[in-house]
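Just below is one structure, and these are the notes that go with it.
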Amino acid sequence: MSMVVLLAVQALADPTGLLALVGWSCAAPRWREVWTLAPVLVFVPVMLGVSWWVATRAGDRFWTLAAGFVLAILVAQAAACLVMTWDLAVAAWAWAYIVAKAVPAALIIAAAARWLGGPARGIAASRARP
């Protein structure tokens, strides 16, 4: 939930996407050009899916959550770029451009999950408690 809130706040506060993970310019979408929709239709679901997987695996370990959320953002960027260009080399190259945005976002989300989250449940929590 924290990731969704952060995405929405960033998109509204910075519609250009310069500092936001996914910008939203409020322009009408061009349905015939898939690359214009990839940040929303590919990046967001991939990032949320990988973030969910990280959260279920990491439990309440802050640094594991933060590193996992950075990875989720990088994988989502590569997937979105792959849909935009259909070139695997460019997609692999493109995820480096979002690292500067991914690290602060991941720290914010990991902190929110740690402070506002309930008791750890999931795979990591079940292993930690006999």
Failed condition for Val90, given (1) open to solvent by 40 Å² or more (accessible area, probe 1.4 Å); (2) at pLDDT below 90: (2)
Residue check for Leu19: at pLDDT 90 or above, under 16 Å from the mean Cα position of the chain (by Cα) and among the hydrophobic types (A, V, I, L, M, F, W, C): no
Check on Val5, at pLDDT 80 or above, under 16 Å from the mean Cα position of the chain (by Cα) and more than 21 Å from Tyr97 (Cα to Cα): yes
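If I filter the range 105-130 down to residues being surrounded by fewer than 11 Cβ atoms within 10 Å (Cβ to Cβ) and closer than 23 Å to Gln10 by Cβ, which single residue comes out as modelled with the lowest pLDDT?
The selected residue is Leu116.
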The range 52-68: number of residues that are open to solvent by less than 40 Å² (accessible area, probe 1.4 Å) and modelled with pLDDT of 90 or more: 4
Pair list, Cβ under 9 Å, 6 or more apart: the range 37-49 residue surrounded by fewer than 18 Cβ atoms within 10 Å (Cβ to Cβ), other residue not hydroxyl-bearing (Ser, Thr, Tyr) and not in a helix (DSSP H, G or I): Leu37/Pro29; Leu37/Arg30; Leu37/Trp31; Val40/Val22; Val40/Trp24; Val40/Pro29
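The values are calculated or read from the model by the stated rules, or taken from the named source; none is laboratory data. The structure presented is a predicted model; accordingly, all values stated were derived computationally and were not measured. Note that each Cβ is placed from the backbone with ideal geometry, even for glycine, and that neighbours are counted across all protein chains shown. What goes into the accessible areas is simple: the full protein's heavy atoms, side chains included, and nothing from ligands, DNA or RNA. Shrake-Rupley method; radii C 1.70, N 1.55, O 1.52, S 1.80 Å.
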